[in-house]
Amino acid sequence: MLKRVSLAVAITAAATLPAFAHFDPVEHGSLAAGFTHPLFGLDHILAMIAVGLWAAMQGGRATWLVPAAFVGTMGLGFVASISGMPLPLVEPVILASVVFLGIAIALALPIPTAAVAGLVGFFAFFHGHAHGGELGVAGAWEFAAGFMTATIALHAIGIGAGLALNRFGGQAISRLAGAATALGGLWLAFGA
């Protein structure tokens, strides 16, 4: 009986999780709110992991340069947003980033590192602008430090997966993951 009650409580608690899509900065602090912000958006998760995976597929200095370009340009987008700079089509471009990154991985596009960094930087500006638009009452710099840290962690997951797959001959799996990412982006754009 106690096990059933515990299971019922656990299921009920899990069912309420979507109500807490983002931490309240007043209650949890701006750093925690910023850190959790990208972790509750499937578009952000797919894009950030895809950046890491694509960087790992590129190899060499792209492994660190591509994610660094993303994080740096995302920071610029955030500053532009909190400075009041309007940017049209933020959400559509974010969804397009998921689709584009997925396709680039699926096709294993042989693009020079500087071009890959530029492409992810373009999309990163929109991701950063979106974070700035959702700042609310959070302290800007603590919030930024939080979402940038979470972004780096998601990039690291993608890089780790990509390097492991490269090492053990899993390029086909990487390409399938890219295709799944692109389909996920399409689903978010048209089906969600």
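The values are calculated or read from the model by the stated rules, or taken from the named source; none is laboratory data. Computed from a predicted structure; not experimentally measured. Quick reminder, even Gly has a Cβ in these numbers, built from the backbone with ideal geometry, and neighbours come from all protein chains shown.
List of remarks:
- Residue within segment 95-104 that is surrounded by 24 or more Cβ atoms within 10 Å (Cβ to Cβ), more than 13 Å from the chain's Cα centre (by Cα) and not polar (S, T, N, Q) present: no
- Among the residues making up segment 133-144, those that are of a type in the set (Gly, Ala, Ser), in a helix (DSSP H, G or I) and more than 15 Å from the chain's Cα centre (by Cα) are 133, 140.
- Pair list, Cβ < 7 Å and 6+ apart or interchain, from segment 117-135 residues that are under 22 Å from residue 59 (Cβ atoms) to residues that are β-branched (Val, Ile, Thr) and crowded, with 22+ Cβ neighbours inside 10 Å: 117/66; 120/51; 120/66
- Top-ranked residue in segment 116-132 [being among the small types (Gly, Ala, Ser) and closer than 18 Å to residue 43 by Cβ; ranked as modelled with the lowest pLDDT]: 132
- Flag for residue 114 being more than 21 Å from residue 90 (Cα to Cα), part of a helix (DSSP H, G or I) and touching a residue at least 24 places away in the same chain (Cβ under 8 Å): no
- Pairs, first among the basic types (Lys, Arg) in segment 170-186, second not in a helix (DSSP H, G or I), C-beta under 9 Å, six or more apart: 175/107; 175/108
- A single member of 161, 140, 179 is within 18 Å of residue 59 (Cα to Cα) and touching a helix residue (DSSP H, G or I) at 6+ places or on another chain (Cβ under 7 Å), and it is 161.
- Residue pairs whose Cβ atoms lie under 6 Å apart, separated by 6 or more positions or on different chains, with the first residue in segment 30-47 and of a type in the set (Ser, Thr, Tyr) and the second part of a helix (DSSP H, G or I) and crowded, with 22+ Cβ neighbours inside 10 Å, are 30/143.
- Of all residues in segment 75-85, those being assigned to a helix (DSSP H, G or I) and either closer than 15 Å to residue 158 by Cβ or not aliphatic (A, V, I, L, M) (or both) number 4.
- Residue satisfying condition, being buried (at least 18 other Cβ atoms within 10 Å of the Cβ) and either modelled with pLDDT of 95 or more or at positive phi (or both), within set 73, 113: 73
- Where residue 119 falls short, out of the listed (1) of a type outside the set (D, E, K, R); (2) crowded, with 16+ Cβ neighbours inside 10 Å; (3) touching a helix residue (DSSP H, G or I) at 6+ places or on another chain (Cβ under 6 Å): (3)
- Just one residue in the set 94, 103 is under 21 Å from residue 59 (Cβ atoms), out of contact with any Cys (no Cβ under 6 Å at 6 or more places or on another chain), at pLDDT 95 or above and not small (Gly, Ala, Ser); that residue is 103.
- Residues located in segment 86-111, provided they are part of a helix (DSSP H, G or I) and among the β-branched types (Val, Ile, Thr): 90, 93, 94, 98, 99, 103, 105
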